[in-house]
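Before any comments, here is the structure.
Derivation of every value follows stated rules applied to the coordinates shown; laboratory data play no part. Here the structure is a predicted model, which is why all the values come from computation and not from measurement. Here the Cβ is made from the backbone with ideal geometry for all residues, glycine too, and neighbour counts use every protein chain on show.
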Amino acid sequence: MSPSFDPSSIQFEPTHYIGGKKITGSGDIAVSRPSDGEVVADCPIAGLDLVDQAVETARGALKTSGWSGCHPRDRVRALAAWADLVEAHGEELGKIEAVPSTRLISEVVKGEIPVIAEQIRFFGELADKEGGVLAPTADTELGLISHEPYGVIGAITPWNFPMSMAVWKLAPALAAGNAVVLKPSEMTPFSVVLLAQLAEKAGLPEGLINIVQGDGPTTGTALTAHPGIGKVSFTGSTRAGAAISENVARTGLKPVTLELGGKSPQVVFADAEFDKTVDLIVRGILPNAGQFCVSGSRLLVEDTIAERFIEAVALRMQNIRPGPTWDAQTTYSPIISEQQCNRIDTIVQQTIAEGAEVVCGGARIERAGHFYAPTILGNVTQTSAAVLQEVFGPVLTVQTFSSEAEALALADHPEYGLCAGVHTQNMSRAIRMARGIQAGTVWVNRYGRSRDHIMPSGGYKSSGIGKDLGREAYLGAMRSKSILIDL
Ligand code: NAD
């Protein structure tokens, strides 16, 4: 286990990072510690000029370094060296990550850092293995379908997993020969700067990763509208994803990948392994206090086992140790901000006013910082507020069903389709359900990603367009060109 530490021992330097240099800037977005509300620094805000400087620096770095046209083996080597450095600096990265975010030091250092390093290696290794296609044409022609990098990719990421989300954008883009201008969330602006510095230390050319800090309306809008950006890759809320699409359509079309919100069902049939499934439901909603896109926030359980099952889940959900993110004993994260904590409570109270029954929780945890109790709401319908809206907190709604057809109908959400869990020992039923559910990922008798980074991640419906992870993310960082030669 990573040791607890004193959060005041970490100095936060709120800077942009352009062309291998930290650039101080002005801005007044207070970055605070969700664990106790204390402000650690102000996040600067990059305006049009600085975004322009970052994009031009990225374009210049591509030209002078020859990154796009170098032997792919050189990119493999550089990314592998970066992954090694990320692992070697795991504890340092973990501390910078944990203090201003909801990420627990114990989870970041032991759980997340090794996975981030693996993902960097995974994409790096594709660079000299994934190629184009020789097209089946007439003998008198030669048809080549090749893949080329976009040039500069504009990436925008959320606060809930600041480093992981950044790496999901950076690693495929860089492996494919692009440069990146990244705008992290204004609430968690620090750890990605160290990530970028480590990349350069590992041998990636300066200026290939540039970081502009700031909010969505100013910095995000300037970045997505910039004519020097070849593609936008975004992870965040469906609302912001729609605003970005609109901005891109208005200011000059470019491809956009959107990884957005979710409201994912966990469907439990009566024949599921009882204890294992209880555990999967709890682990599908409590990590990061429910602040993760693929949280399984809608429990659908077969009526014959519902009472016993819900009771077991409720018992397990109360077995938490809330505390500061820098305390190695903490098992339960704070909520990112006072505003988000209030939003969670508003949705919960509205759902209760609509007739929901509180099985457990339903209120804030009274202590310093922003904490919300693990909450289960029963007696809800498809139109209850907490069923319709992405709460992005530790709130699980429960509905029951009596047939497979009813389970499938309830699993379908009118807006979201990010992922789903299906729990049953009947494999024919599991496959029918997996095929029928409208979501980008279905997990059967498990819940959550594995370390198989080849599996792409992305949503149906308003949960997104395009994929992170997998070959699809690598190919998504390139455009295809058809070359037809008359022989
Ligand atoms: P958010 O949409 O508020 O912000 C995400 C990022 O977008 C931030 O950097 C923000 O500054 C920026 N932004 C906001 N408005 C913008 C605009 N108009 N133009 C350009 N940039 C803009 O989301 P959040 O609160 O940081 O994160 C939580 C959301 O992210 C949830 O909805 C969650 O489901 C989603 N998420 C999705 C995935 C996925 O893989 N599908 C992963 C993690 C988080």
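In table form, for the structure just shown:
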{"read-out": "Eligible lysines near Lys129 by straight Cα distance, threshold 21 Å, same-chain separation 8 or greater", "value": "Lys169, Lys467, Lys481"}
{"read-out": "Alpha-carbon centroids, the range 315-335 and the range 226-271: separation in whole Å", "value": "31 Å"}
{"read-out": "Separation in nanometres of the label points that stand 7 Å from Cα toward Cβ, at Asp412 and Arg321", "value": "4.5 nm"}
{"read-out": "Only Lys, Arg (+1) and Asp, Glu (-1) charged, at Cβ; the range 265-452 dipole about Cα centre in debye", "value": "540 debye"}
{"read-out": "Inter-site label distance for Ala405 and Asp74 at 7 Å from Cα along Cβ, in nm", "value": "6.3 nm"}
{"read-out": "Rounded to 5, the percent of DSSP beta bridges in the chain classed as antiparallel", "value": "45 percent"}
{"read-out": "Derived scalar couplings ³J(HN,Hα) [the range 134-144; Karplus, 6.51 cos²θ - 1.76 cosθ + 1.60; whole Hz; x for Gly, Pro]", "value": "8, 7, x, 10, 5, 4, 7, 10, 10, x, 10"}
{"read-out": "Extension reserve of the Asp6-Asp28 stretch, reckoned as 0.36 nm per residue once the Cα distance is removed", "value": "5.4 nm"}
{"read-out": "Among beta bridges that DSSP assigns inside the range 265-452, antiparallel share in %, nearest 5", "value": "15 percent"}
{"read-out": "Alpha-carbon centroids, the range 1-51 and the range 196-210: separation in whole Å", "value": "19 Å"}
{"read-out": "Highest to lowest packing among 64-77, 224-237, 419-432, scored as the average C-beta count within 10 Å", "value": "224-237, 419-432, 64-77"}
{"read-out": "Only Lys, Arg (+1) and Asp, Glu (-1) charged, at Cβ; the chain dipole about Cα centre in debye", "value": "640 debye"}
{"read-out": "Angle in degrees between helix 238-251 and the longest Cα principal axis of the chain, rounded to the nearest 10", "value": "30 degrees"}
{"read-out": "Efficiency of FRET from Cβ geometry, Ala353 and Arg239, R₀ 30 Å, rounded to 0.05", "value": "0.80"}
{"read-out": "Extension gain, Arg364 back to Asp275 (0.36 nm per residue minus Cα-Cα distance, nm)", "value": "29.2 nm"}
{"read-out": "Hypothetical label at Asp486: residues of the range 133-152 whose amide nitrogen lies under 18 Å (7 Å Cα-Cβ projection)", "value": "137-144"}
{"read-out": "Around Val256: net Lys/Arg minus Asp/Glu count, Cβ-Cβ under 14 Å", "value": "+3"}
{"read-out": "Rh (Kirkwood; distinct C-alpha pairs) - the chain, Å", "value": "23.3 Å"}
{"read-out": "Other-chain or far-sequence residues with amide H under 5 Å of Gly421's (modelled H)", "value": "Gln266, Val267, Trp443"}
{"read-out": "Distribution of pairwise C-alpha distances over the range 265-452, 5 Å bins, in %", "value": "1, 8, 18, 21, 21, 15, 9, 4, 1, 0"}
